[in-house]
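This report concerns only the one structure given below.
The values are calculated or read from the model by the stated rules, or taken from the named source; none is laboratory data. As the structure is a computational prediction, the values presented were derived from the model and not from experiment. The protein model used for the area step is the full one, side chains on, heavy atoms only, and it has no ligands, DNA or RNA in it. Shrake-Rupley method; radii C 1.70, N 1.55, O 1.52, S 1.80 Å.
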Amino acid sequence: MSLKVCKFGGTSMADAKAIRKVVGIISSDTRRRYVVVSAPGKRDKEDEKITDLLYGSCALARESGKCEKTFKKIRYRFTQIVKDLEINFEIEKELEQIEANINLHNNKHYAASRGEYLSALILAKILGWDFVDSKEIIKFALVNSSPELDTQVTDKEIAAKLKEIERAVIPGFYGSYTNHAGKKLLQDGEGGLVTFSRGGSDITGALVARAMKASVYENFTDVSGYYAADPKIVKEPRLISRVSYKELRELSYMGANVIHQDSIWPVQSAGIPINIKNTFALDDLEDGTMIMAEEKLPSHYNSFKGIVGIAGKKDFSVILIAKKMMNNKRGFCRTVLSVLEKHNISIDHIPSGIDTMSIVVANEQLKTVSEQKLLAELIAAVEPDTIRIDNSLALIAIVGRQMNSQITATVFNSLDDAAIKCRIIDQGSSPLNIIIGVDERNYERAIRAIYKAFFR
Ligand code: ASP
């Protein structure tokens, strides 16, 4: 029988009521055999995430040697959950141990991992399933003195451990580093725990799905899936019911964030579809978003006039360089890029003309060096006729696997109708998208105009 791996996010684990829903979902399908969980998230907008409180506790322990003031909120949340669920679980003991370890070692990886750890223990208890600690199966190795996921070892460890276990709950977000040197580096009283970047429980779920050759990786969250545009900008946008891994990568790189970007490749390389579903809206007829290989997408999948969605981000700058006969000057681009490389600035796009070069970078990339210094260095390096940095650029990606000139025409007509000037165009470098840049002040209007042209 095919098996399913499920992952439940922080909102799904936020309190006893939500956890009961989770139990109902798991129990409704016996193919759901391996479940990965996040730490309890926010119960409402004003609430605090357990993971944030754990990071806060660690910082407090580092400053004052005692995390009690912040840790007591964590203690309250977990004891309340256990009490409301009426389970027989001595969470107090666990909490005491964790608090003592944070005070003693104030290791941020260890502290942050404890939310998922307790969440998984609680769920395993209610379901009567095994608890498998991620430190045994998610393995990191030291690369250039920092821990990086060791995918091959992890794949083997998960498969070896879980083949003996019929059903298990596994904490997301962390793993361990077992090499000797690493233990020293990450001393925490438990031995080399390592967390992924924020939202990393999605990665744990993907790794388990891959190692166990799941038929599907179900990712339960608090939204119904990916939308064709940001619901904060477009009113009631369409839900994307089917999307290819590659299209999703384009959309999520440009700001459509439902699951962690790094959770795509483990399942993509194994051809396992990801199904995003809403824990709190399962009665809806909607089946969430299914992310799958392009070849497997049904021909009628929801592509509107050739596109699947629109995403975008603000906070970009463009460095505009002009020099007569630039096209003849060998090494010009390389010299410009080496100045940026020296300052560790990574680049998003380089749309260029005959005598002009423009480099689009995220504003945060420019934090390492003052604009004045950067301009002075570029002037010294390539002696341009003119050079300037324009801030306040927003980028918008129009994504689909059938990009054609009609789509381009529709995009530009819609901008024209809305009297919005396009400052940058990047088309053709990816077969899956057109990227345009507009003034930040026109960002929302541009998205609405493009959305309307394709989807309404
Ligand atoms: N709890 C962690 C976070 O808040 C990881 C996760 O939820 O995926 O980032």
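Under the criterion of Cα pairs below 8 Å and six or more residues apart, the relative contact order for the range 348-456 equals 25 percent.
Note: relative contact order over the chain, using C-alpha pairs below 8 Å and six or more positions apart, is 13 percent. Averaged over its residues, the range 214-290 has an accessible area of 43 Å² per residue, based on protein heavy atoms and a 1.4 Å probe.
Based on Cα coordinates alone, diagonalise the gyration tensor for the range 375-438, multiply each eigenvalue by 5, take square roots, and list the semi-axes in whole Å, largest first. Present the calculation step by step, with values, prior to reporting the outcome.
Details: eigenvalues 179, 46, 17 Å².
Gyration-tensor ellipsoid for the range 375-438: 30, 15, 9 Å.
Sorting 455, 412 by accessible area (1.4 Å probe), largest first, what list results? Provide the component values of the computation, followed by the final result.
Numbers: 455 10, 412 55 Å².
The ordering from most to least exposed comes out as 412, 455.
Ellipsoid semi-axes for the range 216-371, based on the Cα gyration tensor and the rule √(5λ), read 38, 17, 16 Å when sorted largest first. Evaluating 6.51 cos²θ - 1.76 cosθ + 1.60 at θ = phi - 60° for every residue in the range 210-215, the Karplus couplings come out as 5, 5, 8, 6, 5, 6 Hz, glycine and proline recorded as x. Taking amide H as placed 1.01 Å from N in the peptide plane, residue 7 has its amide H under 5 Å from the amide H of 36, 218, 219, 220, each at least 5 places away in sequence or on another chain.
For the chain, the alpha carbon convex hull comes to 174 Å³ per residue, rounded to a whole number.
Expressed as a whole percentage, what fraction of the accessible surface of the range 73-149 belongs to carbon and sulfur atoms when a 1.4 Å probe is rolled over the protein heavy atoms? All intermediate terms of the calculation are to be shown ahead of the outcome.
Details: 1590 of 3530 Å².
Roughly 45 percent of what the probe reaches on the range 73-149 is carbon or sulfur.
The ellipsoid equivalent to the alpha-carbon distribution of the range 299-440 has semi-axes of 31, 16, 14 angstrom, derived from the gyration tensor eigenvalues as √(5λ) and listed largest first.
In order along the range 50-64, the Karplus-derived 3J(HN,Hα) couplings, from 6.51 cos²θ - 1.76 cosθ + 1.60 at θ = phi - 60°, round to 4, 4, 5, 5, 5, 4, x, 4, 5, 5, 5, 5, 5, 6, 10 Hz, and Gly and Pro are given as x.
3J(HN,Hα) along the range 195-203: 9, 6, 6, 3, x, x, 4, 4, 5 Hz, from the Karplus curve 6.51 cos²θ - 1.76 cosθ + 1.60 with θ = phi - 60°, whole Hz, x for Gly and Pro.
Can you pull the Kirkwood radius for the range 334-418, inverse mean 1/r over Cα pairs, to one decimal in Å?
Working: mean 1/r = 0.0655 Å⁻¹.
About 15.3 Å for the range 334-418.
Using a 1.4 angstrom probe on the protein heavy atoms only, line up 222, 155 by accessible area, largest first.
Values: 222 75, 155 50 Å².
Result of the area sort, largest leading: 222, 155.
In the context of the full set of protein chains, residues of the range 301-456 present 50 Å² of accessible surface per residue (probe radius 1.4 Å, heavy atoms only). For the range 189-277, relative contact order (Cα pairs under 8 Å, six or more residues apart, normalised by length) works out to 45 percent. Among beta bridges from DSSP that stay inside the chain, the antiparallel ones total about 60%.
Just the Cα atoms of the range 1-124, one point each, no solvent: what log10 I(q)/I(0) does Debye give at q = 0.12, 0.14 Å⁻¹? The calculated log intensity ratios at q = 0.12, 0.14 Å⁻¹ are -0.45, -0.60.
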